[in-house]
Structures are given as structure tokens and as C-alpha cells.
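Below is one structure; the comments refer to it alone.
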Amino acid sequence: MSKEPPRVWPAFGEWRTWPAVNEEPFLSEGHGTRNYWASVRANPGARETYLGLRPGAALDPGSILVEALTDRSKSRPDELYVMEKLGDRTWRFLVVSVDGTIDAAAGTALCQRCHAEAVADGLFGLPRPDKNNRPDRKDLPGLGVQKEKTQTRR
């Protein structure tokens with residue numbers, strides 16, 4: 001029995017040409033839990049809607065978003081988290097290595113569960129300064145993602 005060769009994500013050659021939608025990298029909340037810098041890129045058809053994300057907004061089928069994670073001690077991305085819009089509120093989630101291969105072992109059930117709690121169309125949006133640099137979303141205590149408590153000195 002031969003092992004199947006790794007699948008390469010078809011848009012791997014393109015994603016680097018899409019401009020980042022965030023001005024500066026930010027600490028990832030859901031992927032890597034604040035141990036990674038994140039940068040989000042969107043294909044041309046998704047960019048404007050994603051930048052204006054608000055409750056009720058929806059991206060068109062064919063939209064692709066990529067969150068590239070870079071370990072805080074390195075300068076190159078370690079892995080990519082990809083969302084591809086297939087249809088009305090239907091997304092495909094992929095974890096892609098830096099060489100373009102799809103991580104077949106990465107379960108997407110957790111991705112689907114977490115993104116079901118997002119603010120709009122399964123998307124959290126970029127961190128917002130008026131929200132303590134966090135996306136405008138519900139806390140997800142079941143996933144261990146909670147707001148940091150501000151400590152006061154006495």
C-alpha cells in the first residue's frame with residue numbers, strides 16, 4: 001500500500017502577492033495563543049469587505065483569507081491558516097505549511113466550532129484598539145480564549 005503524496009494548496013503561489021490587510025503584525029489570539037505574530041492577507045475579491053467587516057457582512061464565494069503566523073523569535077512564517085469561502089456561510093478551513101503542503105492531520109472541526117462564534121460570516125476581523133487590541137467578538141471560554149484582566153495596584 002503506497003502512501004499518498006502530500007497535497008499542495010493551489011493558491012500557495014499567489015497568497016504572498018496579496019497585500020496584508022493589517023498595517024502591523026499583531027499577536028494571534030486563536031492560532032498559537034499569543035506566541036505568534038499574525039498577518040492577514042485577503043485575495044482581491046475579499047479585501048474590501050474584510051476591511052469593512054461588521055455584523056451582518058458576508059464575503060462572496062471565492063473569497064480567500066490567509067493568516068500567516070510567525071514565531072515571535074523568527075522572521076519567516078511558520079504556518080498558514082486558510083479560509084476559503086465555498087458558498088453561503090460555508091467555509092473550508094486549511095492548515096498549510098510554509099512549503100505549501102496541506103496538513104492533512106489538522107482537524108478542522110475546532111476551526112468550524114470557533115469560527116461559528118465570530119462576529120460576521122465566520123470571521124473575527126482584525127484587532128481593534130478600542131477593544132483592547134482584540135477582535136470584536138464573544139469570549140470563547142471553552143477554548144481558553146478570554147480577555148486579560150487588568151490588575152490595579154493598591
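Can you tell me how many residues in segment 34-64 are closer than 20 Å to residue 122 by Cβ, of a type outside the set (A, V, I, L, M, F, W, C) and in contact (Cβ under 8 Å) with a residue 40 or more places away in the chain?
Summing the residues that are closer than 20 Å to residue 122 by Cβ, of a type outside the set (A, V, I, L, M, F, W, C) and in contact (Cβ under 8 Å) with a residue 40 or more places away in the chain in segment 34-64 gives 4.
Tell me, which residue of segment 65-121 that is in contact with a helix residue (DSSP H, G or I) (Cβ under 6 Å, 6 or more places away or on another chain) and either part of a strand (DSSP E or B) or among the charged types (D, E, K, R) (or both) is farthest from residue 7 (Cα to Cα)?
66
Give me a count of the residues in segment 1-41 that are assigned to a loop (DSSP other than H, G, I, E, B) and at pLDDT below 85.
15
When residues of segment 12-50 are filtered for being over 13 Å from the mean Cα position of the chain (by Cα), within 13 Å of residue 66 (Cα to Cα) and surrounded by 16 or more Cβ atoms within 10 Å (Cβ to Cβ), how many remain?
6
The values are calculated or read from the model by the stated rules, or taken from the named source; none is laboratory data. This one's a predicted model, so the numbers in the text were calculated from it and none came from an experiment. Glycine gets a Cβ as well: all are built from the backbone with ideal geometry, and neighbour counts include every protein chain shown.
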